[in-house]
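The values are calculated or read from the model by the stated rules, or taken from the named source; none is laboratory data. Not measured: the values here are computed from a predicted model. Neighbour counts are summed over all protein chains in view; Cβ atoms, including those assigned to glycine, are modelled from backbone coordinates with ideal geometry. Quick note on the areas: whole protein, heavy atoms, side chains included, nothing else; ligands and nucleic acids left out. Shrake-Rupley method; radii C 1.70, N 1.55, O 1.52, S 1.80 Å.
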There are 2 protein chains.
Amino acid sequence: MDSVFKALSDPNRRKILTLLKKKDLSVTQLQKHFKISGASLSHHLDILKRANLVIAERRGQFIFYSLNTSVFEQITKFFFDKFKK
Amino acid sequence: MDSVFKALSDPNRRKILTLLKKKDLSVTQLQKHFKISGASLSHHLDILKRANLVIAERRGQFIFYSLNTSVFEQITKFFFDKFKK
DNA sequence: TTAATATTTAGACAAACATCTAAATATCTA
DNA sequence: TAGATATTTAGATGTTTGTCTAAATATTAA
């Protein structure tokens, strides 16, 4: 669960999640919303992937990223249980 | 909101919150649950305080820390809205 | 197969961070 | 008021992190 909180601690990574909430996107499509290099973006996606927050799936030339919603359910529950009095 | 996610990204700080969920504690009482120095613990509490996750209140010789539940409600909602599909 | 596009990996670097010890500040008790 | 206890602040240090450029890998299209 540490990797999840670590992953959520960066604003760019949270922005990625917000964008992916609307629809699946490739790195190039995501790139348009950021000022950082493609390499940095790829690095962030890797961290999100390792935290099980997103899923990568190749579709031909592109790799599409999407939210791993099942894990989000778990996290929301965890978060709620942990902190709600 | 950035300070909140940053605050939650450290395991010791999350442990502090879990302990405070049960009851208010002074630094000395908290100290018993950690291996880090009192100064480091104080530093973590400062970060949690700046993120509005905890409240500090002096009671005589001690300073007691407690969860700022109202903010937790907001965060839980934020988290839920942001990530739940 | 070659050129173009998409993405990741490698290596470097500066900034941010967690931690420590020592010193400062605040409060209580004798 | 002095000494003891509680907590914070200051300054130092090693590690982690976000970013970059350049190079490597993968896929498509000509």
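The dipole here belongs to segment B:9-65: it is taken about the Cα centre, uses +1 on the Cβ of Lys and Arg and -1 on the Cβ of Asp and Glu, and is about 180 debye.
Peptide A:3-14 has a mean of 4 when you count, residue by residue, the C-beta atoms of other protein chains within 10 Å of its C-beta.
Per residue, how large is the accessible surface of the protein assembly as shown? Use a 1.4 angstrom probe and give square angstrom.
On the way: 9390 Å² over 170 residues.
Accessible surface, normalised per residue, equals 55 Å².
Can you list residues from other chains, or at least 5 along the same chain, whose modelled amide H is less than 5 Å from the amide H of residue A:64? Counting only residues 5 or more places away or on other chains, the set is A:57, A:58, A:59. Return the Rg/Rh ratio of segment B:5-65 with Cα-based radii and a Kirkwood Rh. Rg/Rh for segment B:5-65 comes to 0.92. Taken about its Cα centre, the protein assembly as shown carries a charge dipole of about 200 debye when Lys and Arg each add +1 at the Cβ and Asp and Glu each add -1 at the Cβ. Under Stokes-Einstein, with the Kirkwood radius over Cα pairs as Rh, the value for the protein assembly as shown at 10 °C and 1.306 mPa s is 91 µm²/s. To put it simply, the accessible area of the protein assembly as shown at a 1.4 Å probe is 53 percent carbon and sulfur. A dipole drawn for chain A from +1 and -1 charges on Cβ atoms has a positive end, and of A:65, A:4, A:17 the residue lying farthest that way is A:17.
A plus B alone minus the pair: what accessible area, both sides summed, probe 1.4 Å, in Å² to 100?
Chains A and B together bury roughly 2500 Å² of accessible area.
Give the distance, in whole Å, between the Cα centre of segment B:16-56 and the Cα centre of segment A:1-45. The distance from the Cα centre of segment B:16-56 to that of segment A:1-45 comes to 31 Å.
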